[in-house]
1. Given the conditions (1) open to solvent by 20 Å² or more (accessible area, probe 1.4 Å); (2) in contact with a helix residue (DSSP H, G or I) (Cβ under 8 Å, 6 or more places away or on another chain); (3) touching a residue at least 12 places away in the same chain (Cβ under 8 Å); (4) among the small types (Gly, Ala, Ser), and given that residue 62 satisfies all but one, which numbered condition is not satisfied?
2. Given the condition buried (at least 24 other Cβ atoms within 10 Å of the Cβ), of a type in the set (A, V, I, L, M), in contact (Cβ under 8 Å) with a residue 60 or more places away in the chain and under 21 Å from residue 78 (Cα atoms), answer yes or no: does some residue in region 134-151 qualify?
3. Can you tell me which residue among 47, 61 is acidic (Asp, Glu), within 20 Å of residue 79 (Cβ to Cβ) and in contact with a strand residue (DSSP E or B) (Cβ under 9 Å, 6 or more places away or on another chain)?
4. Quick one: residue 117 ticks every box in (1) part of a helix (DSSP H, G or I); (2) open to solvent by 30 Å² or more (accessible area, probe 1.4 Å); (3) more than 16 Å from residue 188 (Cβ to Cβ); (4) hydrophobic (A, V, I, L, M, F, W, C) bar one, so which box is it?
5. Could you tell me whether region 85-108 includes any residue that is among the hydrophobic types (A, V, I, L, M, F, W, C), out of contact with any strand residue (DSSP E or B) (no Cβ under 6 Å at 6 or more places or on another chain), assigned to a loop (DSSP other than H, G, I, E, B) and surrounded by 16 or more Cβ atoms within 10 Å (Cβ to Cβ)?
6. Can you find a residue that is part of a strand (DSSP E or B) and within 20 Å of residue 44 (Cα to Cα) anywhere in region 232-245?
7. Suppose we filter region 203-217 for residues that are among the aliphatic types (A, V, I, L, M) and touching a residue at least 40 places away in the same chain (Cβ under 8 Å); how many remain?
Amino acid sequence: MTNARKLRGGNQLTIAGRSYRSRLMVGTGKYKDFDETRHALEESGAELVTVAIRRINLDRESKDSLLRHIDLDRYTLLPNTAGCYTVEDAVLTARLAREALGTTLVKLEVLGDPQTLFPDNRALLEAAKILLDDGFTVLPYTSDDPIVCKKLEEIGCPAVMPLGAPIGSGLGIRNPYNIRIILETVNVPVIVDAGVGTASDVAIAMELGCDGVLLNTAIAGAEDPIRMARAMRHATEAGRLAYEAGRIPRKLYANASSPLEGVVETVAS
């Protein structure tokens, strides 16, 4: 590193002691078929892949199971509790995932409203405490609220996952200022989860200093999911590089790229 700026994270994304080369995490829902899912995952370069426990077939021997169509040696599965609206349902779903998939990783969602899919932060904190006490590694999907993110860190969550915009909306990072405050407030990885629509949204999140991005609809819902997966991979890498490089300050007026000092003096002499 050529400057003294304090940067978040190292060369890799590290969560609960495990490091990942890719800072992009992707979901597995909404694709037209398993073949498209598999190719999109490959093009994304992701290593952490989310699966909705309440919506997939967990029988690995079934031809209709996602688990039979992706390389389980290549990806770390991150089961999520999507579709849960109560503490009890979220905890039960996480425990089912642990039994079925043999993992203590869980992306915890406790939703508060079926229209916006915004999280119920009070219930989220309660469910997170229960699962942390039960030995889970809890990655919580939360609103972009710095106070809630700090509380989640304090109870033991190894990362926080604030939304950029409502799930599936494609609106991008609607409140970059809250994300910046979260980045300054917590010491665990900050992963933008939900709301990004295209590669530039991912780049913005990474340029802010976020440690990673999790998305699904932006790829699966694109006209060409395979190309979009590739674009998201490059955007994640480019955004991180730009963050590490350090952008120039924003200025109201122009600043010539080729200053005239010295040139005018030489000509005059």
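The values are calculated or read from the model by the stated rules, or taken from the named source; none is laboratory data. Quick caveat: nothing in here was measured; it's all calculated off a predicted structure. All Cβ positions, even for glycine, are placed from backbone atoms using ideal geometry, and neighbour counts span all protein chains on display. Accessible surface is based on the protein model in full, side chains and every heavy atom, while ligands, DNA and RNA are left aside. Shrake-Rupley method; radii C 1.70, N 1.55, O 1.52, S 1.80 Å.
1. (3)
2. Yes: region 134-151 contains one or more residues that are buried (at least 24 other Cβ atoms within 10 Å of the Cβ), of a type in the set (A, V, I, L, M), in contact (Cβ under 8 Å) with a residue 60 or more places away in the chain and under 21 Å from residue 78 (Cα atoms).
3. Working: 61 fails: in contact with a strand residue (DSSP E or B) (Cβ under 9 Å, 6 or more places away or on another chain).
That would be 47, the only listed residue that is acidic (Asp, Glu), within 20 Å of residue 79 (Cβ to Cβ) and in contact with a strand residue (DSSP E or B) (Cβ under 9 Å, 6 or more places away or on another chain).
4. (1)
5. Within region 85-108 (the criterion being among the hydrophobic types (A, V, I, L, M, F, W, C), out of contact with any strand residue (DSSP E or B) (no Cβ under 6 Å at 6 or more places or on another chain), assigned to a loop (DSSP other than H, G, I, E, B) and surrounded by 16 or more Cβ atoms within 10 Å (Cβ to Cβ)), the answer is no, since none of the residues qualifies.
6. Going residue by residue through region 232-245, those that are part of a strand (DSSP E or B) are none.
For region 232-245, residues part of a strand (DSSP E or B) and within 20 Å of residue 44 (Cα to Cα): absent.
7. 5
Conditions tested, residue by residue: (1) within 25 Å of residue 33 (Cβ to Cβ); (2) at pLDDT 95 or above; (3) of a type in the set (A, V, I, L, M); (4) assigned to a helix (DSSP H, G or I).
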| site | (1), (2), (3), (4) |
| --- | --- |
| 210 | no, yes, no, no |
| 226 | yes, yes, yes, yes |
| 261 | no, no, no, no |
| 265 | no, no, no, yes |
